[in-house]
1. Please go through region 89-120 and pick out each residue that is small (Gly, Ala, Ser) and under 21 Å from the mean Cα position of the chain (by Cα).
2. Does region 33-56 include one or more residues that are farther than 30 Å from Phe139 by Cβ and at pLDDT below 75?
3. What residue, of Ala16, Ala28, is exposed (fewer than 12 other Cβ atoms within 10 Å of the Cβ), modelled with pLDDT under 80, outside any strand (DSSP E or B) and more than 35 Å from the chain's Cα centre (by Cα)?
4. Would you confirm, using the coordinates I've provided, whether Leu33 is at negative phi and either surrounded by 10 or more Cβ atoms within 10 Å (Cβ to Cβ) or in a strand (DSSP E or B) (or both)?
5. Residues of region 68-85 being more than 11 Å from the chain's Cα centre (by Cα) and either in a strand (DSSP E or B) or of a type in the set (Lys, Arg) (or both), which ones?
6. Of all residues in region 61-76, which are in contact (Cβ under 8 Å) with a residue 60 or more places away in the chain and more than 17 Å from Gly113 (Cα to Cα)?
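The values are calculated or read from the model by the stated rules, or taken from the named source; none is laboratory data. In this text, all values refer to a predicted model and were calculated from it rather than measured experimentally. Cβ placement follows ideal geometry from the backbone for every residue including glycine, while neighbour counts extend to all protein chains displayed.
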Amino acid sequence: MASSDPERREDEDAAAAAEDEDTGAQVAPIVKLEEVAVTTGEEDEDAILDLKAKLYRFDKDGNQWKERGAGSVKLLKHKESGKVRLVMRQSKTLKICANHLVLPTMSVQEHAGNDKSCVWHATDFADGELKDELFCIRFASVERIWLCCEIL
């Protein structure tokens, strides 16, 4: 029985080598895909702030906070006009969950229930139409919220 084990190994090695052997066959793609240039709309802007956070919006009908997304929140300053806007994209899908201008009239306040979060009111364009929203954003640490509030 000991003599059959090395033979079996040789047969297995030969079978594996046959599978790895190049047959020389060429497979042409069925559909030819062309490279497409993707624009994010952030090309003419400089990032002032880029942090991970979780965003909530207040649902007036249900009288509760609903999660809008978790991901990267950026404050972007336009190179020519100098206007600053807040853009937040979800981590995996990169879907926009917040997109609005940061105006001098906006007031950002610390959330009463949590010192790692703040609340503000803005006219948002994330869903493709202007809509008044009440937002709450929560960061991982208190230091990050103070950094964000200083810039806003």
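1. To start, the set of residues in region 89-120 that are small (Gly, Ala, Ser) comprises 91, 98, 107, 112-113, 117.
Within region 89-120, Ser91, Ala98, Ser117 meet the criteria.
2. Scanning region 33-56 turns up no residue that is farther than 30 Å from Phe139 by Cβ and at pLDDT below 75.
3. Checking each option against the conditions leaves just Ala16.
4. On the way: at negative phi: yes; either surrounded by 10 or more Cβ atoms within 10 Å (Cβ to Cβ) or in a strand (DSSP E or B) (or both): no.
No: the conditions fail for Leu33.
5. Step one: filter region 68-85 for residues more than 11 Å from the chain's Cα centre (by Cα), giving 68, 75-85.
Within region 68-85, Arg68, Leu75, Leu76, Lys77, His78, Lys79, Lys83, Val84, Arg85 qualify.
6. Pass one, region 61-76, residues in contact (Cβ under 8 Å) with a residue 60 or more places away in the chain: 65, 68, 73, 75.
Within region 61-76, Arg68, Val73, Leu75 qualify.
Yes/no per residue for (1) at negative phi; (2) surrounded by fewer than 18 Cβ atoms within 10 Å (Cβ to Cβ); (3) part of a strand (DSSP E or B):
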residue	(1), (2), (3)
Ala37	yes, yes, no
Glu42	yes, yes, no
Asp46	yes, yes, yes
Asp50	yes, yes, yes
Tyr56	yes, no, yes
Gly62	yes, yes, no
Lys66	yes, yes, yes
